[in-house]
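All remarks here apply to the structure that follows.
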Amino acid sequence: CIKANAKSCGECIQAGPNCGWCKKTDFLQEGEPTSARCDDLAALKSKGCPAEDIENPRGSTQVLEDREVTNRKIGAAEKLKPEAITQIQPQKLVLKLRVGEPQTISLKFKRAEDYPIDLYYLMDLSYSMKDDLENVKSLGTALMLEMEKITSDFRIGFGSFVEKTVMPYISTTPAKLRNPCTGDQNCTSPFSYKNVLSLTSEGNKFNELVGKQHISGNLDSPEGGFDAIMQVAVCGEQIGWRNVTRLLVFSTDAGFHFAGDGKLGGIVLPNDGKCHLENNMYTMSHYYDYPSIAHLVQKLSENNIQTIFAVTEEFQAVYKELKNLIPKSAVGTLSSNSSNVIQLIIDAYNSLSSEVILENSKLPKGVTISYKSFCKNGVNDTQEDGRKCSNISIGDEVRFEINVTANECPKKGQNETIKIKPLGFTEEVEINLQFVCECQCQSTGEPNSPACHDGNGTFECGACRCNEGRIGRLCECSTDEVNSEDMDAYCRRENSTEICSNNGECICGQCVCKKRENTNEVYSGKYCECDNFNCDRSNGLICGGNGICKCRVCECFPNFTGSACDCSLDTLPCMASNGQICNGRGTCECGTCNCTDPKFQGPTCEMCQTCLGVCAEHKDCVQCRAFDKGEKKETCSQECMHFNMTRVESRDKLPQPGQPDPLSHCKEKDVDDCWFYFTYSVNSNGEANVHVVETPECPSGPDIIPIVAGVVAGIVLIGLALLLIWKLLMIIHDRREFAKFEKEKMNAKWDTVS
């Protein structure tokens, strides 16, 4: 929205569907251009524009005509005129379109039962179709009988064609012009197209007139069928077409000439797409070229004619390609003598009528349209396939969702009309497009307003729209004065050579600040000296994310201070476990404790590496107050009255962990080497409370008798153990000596013997 550089409310709302215009008179800051009034809605509100001062007109959809689709059965007593039958709903709408904002409409289509049908049989009467003509002569009554199963209102007509009546398509010798056939064949003179029978409900009349027709002839193989199709399509009055289902059966056994082929006969004028029937004969075949395929498609579509190509097997491939170029057309294989033509027509009609394809008229410049189909059995499609539904039976209802979007406003701002219709049907939906290109507040604008520098502009939507040749926020300058050096002096700060601080342009002696690539970053001020993005940052965020940058200075939110709003005034992070701010030993600055007692450290001044523990610190005072002894016995009343003391009978009666106040359990020795137990806590009011067990645990004296008995028993046991060890050693020694004696004795006996 900002990049659109809109000078008025109308230009703003054309910039995008989410753009709004603030018409509040004092909305702009000094130095901001008029285009700053245009922004997305959320940005305008954040800048202080009240919701009631934001112009944001929206598009809308209004249904003007909405007749229900017709429900009727074949053979019903009521006979409705074709124009009274409705197959598409709604029929007329008005869309108010704002640029970029799509409007959605829902169309319903339902094939009506017993819908009237007009069928025109257009036949090639060149010589090769001689045997086919015999079978077609009885087509009228036979086809009437078959079509009665589909509709009670059926009409049939007949026409024939051969070729252009010039060389080289036919022989122009007098004899050949009278009878183009060879031998004794009696053929009629060649012709381009003849309307033999206009549409009628009398099948017998069809048989009678077709029975009088004769074969003709030509020289080349392709025929002039396109000339005939064009005349059938555009000569509605002579053919007798009604606003009902229109079928054109094109029967041939040859190919076709198309635009450009007429040059062979010296015909260079393009086909004009107009009716040239005189006495039911096409009289301008020698003057106009064959129509192009695109020209035929246009005229067949304009006149809601569905074409059935009944051609022989030989030319199936050619006409199938042609079918792909002509919407709502079908191709059937014609037997060599046209004996299957009735079944071919029935099958082709069922195929054509089972598919609905929506088409729209030419769209105005800048308007786009998209389709989404909701067909039978849950089949949904978008884009080009969203225009059609297939396999629709009589009585089936399908729905289409259509989005219409204006991408720009028409130059003159006038309304436009488009039409949407199902191909092959005469009914259509008329949509009137009205473009929302101006704001409502512009209609109440004051031309030549005094607010716009003595009437040099129109004051509308809170701003001046300058007259031609005038510029400036208040139209205070002429375009001739823009480059004047005298004007530049008003755009310089005192003692500065920079015009608009190099952040803007000097227009009419006033600075108009330039825009940044990031639309959230804005220059402002009389000399564009201010901005909202050059303030101090913290953690990578402007003003730490805790304030607003105004003219390069942070305006902090509540509970924040500092040049970058990075100093929190919240004391909760400084709260110590005892409920005191910084444990009563420091001050809370920017959410962090500054400990005033150098012995204490930590985030809440509770850590002291050189301090005694709570128990050791208060041991002497508890001892003197509870038991009247200890080092502070003499000074107890002066030094130890800073806590409340409560005596309890046993350790079980001491306060236990889990209470609100921080609690310390202590076990200390007194001067008599007795253990005494107490708890120390500080409540939320800063009061210290001590609970102490009233009876210390003193160790009892030693029992002498067991000790003496134990010592004596120990000495005796040790003596016995030593005697046993001595006796054992002596036994071992004696045995060794005896063994030695025995050995020496044996040695003495051996010596005696020797």
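The values are calculated or read from the model by the stated rules, or taken from the named source; none is laboratory data. Every value quoted in this text rests on a predicted model; they were computed, and no experiment measured them. Positions of Cβ are generated from backbone atoms using ideal geometry, with glycine treated the same way; all protein chains shown enter the neighbour counts. Note: accessible area is taken over every heavy atom of the protein model, side chains too, but ligands, DNA and RNA are not part of it. Shrake-Rupley method; radii C 1.70, N 1.55, O 1.52, S 1.80 Å.
Using per-residue counts of other Cβ atoms within 10 Å, averaged over each peptide, order 260-267, 601-608, 460-467 from highest down.
Going from most to least packed, we get 460-467, 601-608, 260-267.
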- prompt: When the dipole is taken about the Cα centre of the chain, and only Lys, Arg (+1) and Asp, Glu (-1) are charged at their Cβ, what size is it in debye, to the nearest 20?
  reply: 1560
- request: Could you state how much accessible area residue 674 has, in square angstrom rounded to the nearest 10, with a 1.4 Å probe and all protein chains kept in place?
  value: 10
- request: Read through the labelled values [x] 32.6, 110; [y] 28.4, 100; [z] 55.3, 184 and report the label of the one computed as Rg and Dmax of the Cα atoms in Å from the structure.
  value: [z]
Radius of gyration and Dmax over the Cα atoms of segment 614-693, both given in Å: 12.1, 36
field: Accessible area expressed per residue, segment 203-304, with surrounding protein chains retained (probe 1.4 Å, Å²)
entry: 40
- prompt: Does segment 528-574 come out rounded, prolate or oblate by the C-alpha gyration tensor, with a ≥ b ≥ c the root eigenvalues, rounded set by a/c under 1.5 and, if not, prolate when a/b is larger than b/c and oblate if not?
  reply: prolate
message: Show me the ranking of peptides 271-283, 218-230, 36-48, 188-200 by mean Cβ neighbours inside 10 Å, starting with the highest.
response: 218-230, 188-200, 36-48, 271-283
query: How large, in percent, is the carbon and sulfur part of the accessible surface of segment 29-74 at a probe radius of 1.4 Å?
result: 47
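Would segment 341-498 count as rounded, prolate or oblate if I go by the C-alpha gyration tensor, calling it rounded below 1.5 in a/c and otherwise prolate when a/b exceeds b/c, oblate otherwise?
Taking the square roots of the gyration eigenvalues as a ≥ b ≥ c, segment 341-498 is prolate.
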field: Amide H partners (placed H, <5 Å) of residue 332, local residues excluded
entry: 309, 310, 311
- request: With unit charges on the beta carbon (Lys/Arg positive, Asp/Glu negative), name the residue among 590, 564, 551 whose Cα is farthest towards the positive pole of the charge dipole of segment 541-598.
  value: 551
query: How long are the three semi-axes of the equivalent ellipsoid of segment 1-151, in whole Å, if each is the root of 5 times an eigenvalue of the C-alpha gyration tensor, listed from largest down?
result: 64, 21, 9
message: If each DSSP helix of 4+ residues adds -39,500 (n - 2.57) and the sum is divided by the residues in the chain, what number results at 222 nm, nearest 500 deg cm²/dmol?
response: -6500 deg cm²/dmol
